[in-house]
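Here's the structure we're looking at; comments come further down.
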Amino acid sequence: MDIIFENVNYTYQPNTPFSHQALKDISLEIKSGSFVAVVGHTGSGKSTLLQHLNALLQPTSGRLVLGNVELPGAHHEQIKSIRQRVGLLFQYPEHQLFEETVKKELLFGPKNFGFDLKQVETELNDSLQEVGLEESVLDRSPFELSGGQMKRVALASMLLAKPQVLVLDEPTAGLDPLGQKKMMQLFKSLHENKQHTVVLVTHNMDDAMRYAEKVIVLNQGTVECVKSPSELIHERDRLKAIGLDVPEPVEFVEYMKARLGVLWEEEDINEQTISRTLVKHLKGGATS
Amino acid sequence: MNQSLIIGQYVPGESVVHKIDPRLKLIIIFIFVIAVFMANNIWSYVSLYFFVFASVALSRIPVAYIFKGLKPVWWIIIITFMFHLFINSGGNVIVSFLGINVYEQGVFQGASIATRFFLLIILATLLTLSTTPIAVTDAVEALLKPLKKVRFPVHEIALMMSISLRFIPTFMQEMDKISKAQAARGLDYTKGKLKDRFKALLPLLIPLLISSFKRAEDLALAMEARGYQGEEGRTKLRQLSFSKIDYIVIISLIVFLVSFYMIRV
Ligand SMILES: Nc1ncnc2c1ncn2[C@@H]1O[C@H](COP(=O)(O)OP(=O)(O)OP(=O)(O)O)[C@@H](O)[C@H]1O
Ligand SMILES: [Mg+2]
């Protein structure tokens with residue numbers, strides 16, 4: 001399903017002294033089957049934007065199209081179907097665990113969406129394996145798990161509801177480096193093999209650049225720009241200005257240019273172009 | 001979620017009402033409670049309304065905001081009014097429909113009880129909106145001090161109060177997050193049979209309870225780590241003292257009370 005924001009505004013607690021406009025005139029499009037990353041300084045509205053994607057929040061003004069449903073104005077059944085088709089993984093998984101066992105926890109979403117639980121139970125083991133958990137956790141209490149394990153349980157529980165769109169709010173925060181990499185690989189394979197749309201919020205620019213096809217940059221509630229990773233590497237100063245990090249390779253290239261006097265002629269920045277340029281530079285240095 | 005209940009949510013400001021000493025504010029509320037029950041004719045009620053709305057105006061907190069926060073209370077006020085309207089049978093009949101008579105006394109009784117309730121709630125809301133929870137508890141502790149003589153745990157009670165007040169907004173935010181997380185998993189507590197709806201509250205209440213316990217534990221640990229050991233040898237960071245505004249407020253209060261007393265019959 002395609003997702004289209006048209007001049008969407010969102011205000012928290014309108015008409016009170018605490019009112020705060022978190023999204024300002026957002027217009028953008030997320031194509032079905034694409035992998036987009038949302039980046040921005042803390043408080044720039046990333047989580048607010050994400051919560052619109054499965055109708056937890058509805059635009060204060062403007063229009064949001066989620067496949068065949070339009071917000072505001074959708075009725076109850078439509079919203080429920082959106083919640084099933086768009087899986088949202090929250091920043092803090094401990095906010096949603098409540099059952100006695102991990103197994104019940106995993107079945108909670110599918111049960112709410114009216115799935116055939118017998119069928120879902122046969123899929124439990126595969127899905128545990130997918131997210132990197134042992135089968136033995138099934139009978140344990142979710143509260144005994146570590147933070148990383150809780151996150152994986154929450155993810156598995158979301159995947160079991162068979163969403164078409166995966167919306168992930170900093171899914172790798174708090175995981176160990178290897179775990180982070182594996183989880184990103186999982187999203188990548190879900191995207192490539194099952195044609196899921198993936199919308200990923202991350203503070204890690206390297207991840208955003210490596211995995212996403214498009215990067216949405218938010219700044220204080222507005223869309224600063226929407227660019228592909230290869231375009232974004234040329235926006236180093238602009239990113240710095242709004243408080244964002246630049247990926248390490250980009251920093252490295254800047255360093256080579258400024259301190260080593262390397263002549264940079266490549267379009268993309270990756271291991272190959274960097275090593276090619278370095279080799280060229282060193283050879284050039286040897287001959288002269 | 002946290003949009004309909006505003007009592008306990010401090011609205012920062014620089015108004016006169018914000019600056020009044022919290023002890024004086026508590027005393028005013030106490031006096032006002034007595035005054036409300038002493039009012040006995042239309043003009044004394046009018047003067048109470050004047051008192052309350054003058055305070056609201058001085059606080060510069062939007063009236064609409066305060067009213068919105070009263071939403072959960074409106075029903076109680078309306079039901080109280082209706083109750084008196086139908087059961088009190090003093091004075092002349094004003095209207096009568098469907099065989100039910102509405103009497104003069106009923107209207108007056110209903111209106112005055114509803115008014116008392118309404119005014120008290122507004123003033124209490126105003127107190128919490130214009131005073132930080134910390135200031136309220138400091139004031140409670142200061143005013144209850146004499147009870148220490150009879151070994152009443154004033155300090156502990158005040159501490160418990162300030163912690164609970166401090167965590168109301170946090171609690172609300174947490175509730176908001178949890179209900180969103182569960183709604184995203186398809187939880188629906190707006191439909192179905194009553195029993196199902198109660199069941200649907202579990203996924204909200206359990207995470208909320210667990211996070212509250214965790215928070216309490218963290219807080220206790222943090223307090224201990226910083227050497228908290230109860231009241232003994234503890235000095236105050238914020239000393240309460242009366243300022244010019246407070247004396248002006250006291251004089252106006254006395255003027256008001258005297259005229260209020262004279263207006264009554
Ligand atoms: N419930 C709320 N009530 C009022 N304001 C809110 C609420 N939730 C968020 N905000 C405000 O909206 C703005 C955007 O918040 P949001 O959570 O979308 O930021 P974010 O980009 O996800 O930040 P982070 O990277 O820290 O997660 C912030 O300024 C925040 O203070
Ligand atoms: Mg966020």
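Values as computed for the structure displayed
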| quantity | calculated |
| --- | --- |
| The range A:70-92, subset part of a helix (DSSP H, G or I) and facing chain B (nearest Cβ under 8 Å), residue farthest from the chain's Cα centre (by Cα) | A:H76 |
| Any hit, the range A:50-60, residues being assigned by TED's automatic domain parsing to the domain that holds A:N219 and assigned to a strand (DSSP E or B) | no |
| Residue count, the range A:113-129 (criterion: in contact (Cβ under 8 Å) with a residue 40 or more places away in the chain and within 11 Å of chain B (Cβ to nearest Cβ)) | 2 |
| Pairs with Cβ under 7 Å, 6+ apart, first in the range A:37-61 and more than 14 Å from every other protein chain (Cβ to nearest Cβ), second in a loop (DSSP other than H, G, I, E, B) and near ligand 1 (Cβ under 10 Å from one of its atoms) | A:A37/A:T202; A:V39/A:T202; A:S44/A:Q220; A:S44/A:G221; A:G45/A:G221 |
| Residue match in the range A:210-220 (condition: surrounded by fewer than 18 Cβ atoms within 10 Å (Cβ to Cβ), closer than 22 Å to A:I30 by Cβ, among the acidic types (D, E) and in the same structural domain as A:L23 (by TED's automatic domain parsing)) | yes |
| Selection count where residues are surrounded by 15 or more Cβ atoms within 10 Å (Cβ to Cβ) and farther than 27 Å from B:K71 by Cα, scope the range B:7-42 | 4 |
| Qualifying helices (runs of 4 or more DSSP H) (wholly inside the range B:1-80; at least 3 residues being within 14 Å of chain A (Cβ to nearest Cβ)) | B:63-69 |
| Number of the exception - A:T11 against (1) touching a Phe, Trp or Tyr at 6+ places or on another chain (Cβ under 6 Å); (2) in a strand (DSSP E or B); (3) among the hydroxyl-bearing types (S, T, Y) | (1) |
| Checking A:L23 against (1) in contact with a helix residue (DSSP H, G or I) (Cβ under 9 Å, 6 or more places away or on another chain); (2) in contact (Cβ under 8 Å) with a residue 60 or more places away in the chain; (3) away from ligand 1 (no atom under 16 Å from the Cβ); (4) more than 14 Å from every other protein chain (Cβ to nearest Cβ), the condition it does not meet | (3) |
| Listing of helices (runs of 4 or more DSSP H) fully contained in the range B:133-243 that carry 1 or more residues being surrounded by 12 or more Cβ atoms within 10 Å (Cβ to Cβ) and within 14 Å of another protein chain (Cβ to nearest Cβ) | B:154-184, B:194-199, B:202-225 |
| Residue in the range B:81-100 that is surrounded by 13 or more Cβ atoms within 10 Å (Cβ to Cβ), within 30 Å of B:S164 (Cβ to Cβ) and at pLDDT 85 or above present | no |
| Qualifying residue in the range A:31-43 (condition: within 13 Å of ligand 1 (Cβ to nearest atom) and among the basic types (K, R)) | no |
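The values are calculated or read from the model by the stated rules, or taken from the named source; none is laboratory data. Since this is a predicted model, take the numbers as computed values, not measurements. All Cβ positions, glycine included, derive from the backbone under ideal geometry; neighbour counts span all protein chains shown.
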